[in-house]
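To start, the structure itself, in structure tokens.
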Amino acid sequence: MVEKLRIYNSLLGKKETFEPIEPPYVGMYVCGPTVYSDVHLGNMRTFMSFDVIYRYLSYLGYKVRYVRNITDVGHLESDADEGEDKISKKARLENLEPMEIVQRYTTGFHRLTEIFNMLPPSIEPAATGHIVEQIGMIRQLLDNGFAYEVNGSIYFDVSKYNKDHNYGKLSGRKIEEMMESGRDLASQEEKRNTIDFALWKKATPEHIMRWPSPWSDGFPGWHLECSVMGTKYLGETFDIHGGGLDLQFPHHECEIAQSVGAYGKDPVRYWMHTNMLTVNGQKMSKSLGNSFLPHELFTGNHPLLDEAYSPMTTKFFMLQSHYSSTLDFSNEALKAARKGYKRMINGLRLIKEMEFAEDGAERDEKNIKQIEQIVSMCHSSMNDDFNTALTIGQLFNLLKKINSLHTGQLGFGAIGRETFDKMKSTYIDFVENILALKEEDPSDFKHLVEAMVEIYREAKFRKDFEQVDKLRAGLKANGIIVKDMKTGIEWAYEE
RNA sequence: GGCGUUGUGGCCGAGUGGCUAGGCAGAGGUCUGCAAAACCUUUUACAGCGGUUCGAAUCCGCUCAGCGCCUCCA
């Protein structure tokens, strides 16, 4: 491709040409889920977006190491109710071991990624597996004078850091303003400034998840795990760091401060943030109670849903917007997406079966040029900050040509073998490998069998034995046997 | 309150200083035993008011409305 990949970098607030630090290698870190409850659809949107980004980077030939963590340290619910963390709270409610909670929801999350046809990341590190490294980073920050200890807890000294560095450069904040607007909460008494954040918290007696450290039995601060694991697996400076827009501040801002404070280097070249999924214009979130669980969507079992929507319909719906735009959920939009998805998949089935056949049609330069242009637009759309929405539009344009070819309205000879091959590989690559949409079988195949058996009954009644034999053979070939019994005609699985 | 961000046709949703986004829905047509699919054509746009410009929905200003972050959050 002539055109180069451009990425919107949150750090600069503009798109820039993507240049990896050490091509062809690319390091990408994405903040993964906190596994104390089911991930909801909004969470999945982010992971799905980065799955497509991962796939497209690979498609371009980059060797991507994709790290997506699992946050399994129960961080504090909020600064207000200090002492209890999300995971141990959930464990207490459900009468389970904290790690049982972690295991359950991690497994659930993994199932979902498969259902949505996502690739596993290269490395999926857990925060609890990196306590030693986190303690190490805290030591480094203490040595460098950016952290201080109070009663066994360690805090990051933001104002000291800000003397020589710019705390707030990612989220566009000014430290003075934040210090004024900081909230007056009990847990902040230990901090020198309200904007300081915890690197290590001493555990209260009832806190279940705890580890020994030089300062106290306790647990690491939330922001630390990403800094530590990103550095460990991708280096002190790596290419891409992604996550939901709601992590931009304070989480990502703190990550930058920690890395710069510890290693003196900016950790990330390109910061990418995915926007929120909304319901009736409001952010979907667990705390607002307006979140959809994926299975609620798949079953239609939710007060706001008219009916069920399949995983691929959902995925298509999400990919029809750009990752950096908010996307609002509605039944109408989902229904429209379902039709669009099916149209696109029908096209995939067609083109996969289609082979070039010289039919003597006259070469049609206009059509060739159109197809070439659409193909190149597919690439340039993705190159333009992974614009899946535009890309899908182009694929539909390509689909028109495919369908015309299929119905004979456009001759193979008109476009020639070369253009045909390009069209075919582009459509398949983009739908199947980049957007990663796949065919969904109609779930109730039993209805199909029942319909066949009904035709069998009628043929038998007519004594059309040729038809009867054909139907029986067809079913048997698919592992279904027809049973002609005195009491009636039934079917069963072949034993 | 501070900082952002968004406002596109019946719905969803891209995009852009002048060149058809696309999907869904609607209308007409081709094809067809019927139906569907497919293909072709097609209607209703860029929140409001000003400004810059040969030309703006696209840039600037103001107004209105929504949303997000500032607290755990993808």
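The values are calculated or read from the model by the stated rules, or taken from the named source; none is laboratory data. Computed from a prediction, not measured in an experiment: that's the story for all the values here. Glycine gets a Cβ as well: all are built from the backbone with ideal geometry, and neighbour counts include every protein chain shown.
Here are some notes:
- In the stretch A:87-187, counting only helices (runs of 4 or more DSSP H) that sit wholly within it, the ones holding 1 or more residues that are within 19 Å of A:Pro212 (Cα to Cα) span A:98-115, A:131-143.
- Just one of the listed residues (A:Gln394, A:Gln373) is over 30 Å from A:Ala492 (Cα atoms) and at pLDDT below 95, namely A:Gln373.
- Residue within the stretch A:44-54 that is assigned to a loop (DSSP other than H, G, I, E, B), touching a residue at least 12 places away in the same chain (Cβ under 8 Å) and crowded, with 18+ Cβ neighbours inside 10 Å present: no
- Selection count where residues are buried (at least 18 other Cβ atoms within 10 Å of the Cβ) and free of Cβ contacts under 8 Å to residues at least 24 places away in the same chain, scope the stretch A:296-316: 1
- Yes/no for A:Glu450 being of a type outside the set (Val, Ile, Thr) and either in contact with a Cys (Cβ under 7 Å, 6 or more places away or on another chain) or at pLDDT below 95 (or both): yes
- From the list A:Ala186, A:Ala198, the one residue that fits, being more than 33 Å from the chain's Cα centre (by Cα) and either of a type in the set (A, V, I, L, M) or at pLDDT 95 or above (or both), is A:Ala186.
- Which numbered condition A:Cys254 misses (of (1) in contact with a strand residue (DSSP E or B) (Cβ under 6 Å, 6 or more places away or on another chain); (2) near RNA strand B (Cβ under 10 Å from one of its atoms); (3) closer than 19 Å to A:Met44 by Cα): (3)
- Condition met for A:Ser381 (more than 8 Å from RNA strand B (Cβ to nearest atom) and either surrounded by fewer than 17 Cβ atoms within 10 Å (Cβ to Cβ) or free of Cβ contacts under 8 Å to residues at least 40 places away in the same chain (or both)): no
- Some residue of the stretch A:352-370 being in a helix (DSSP H, G or I), under 30 Å from A:Asn478 (Cα atoms) and either at pLDDT 95 or above or in the same structural domain as A:Leu319 (by TED's automatic domain parsing) (or both): yes
- For A:Gln248, the stated conditions do not hold, so it cannot be described as in a helix (DSSP H, G or I) and closer than 20 Å to A:Arg139 by Cβ.
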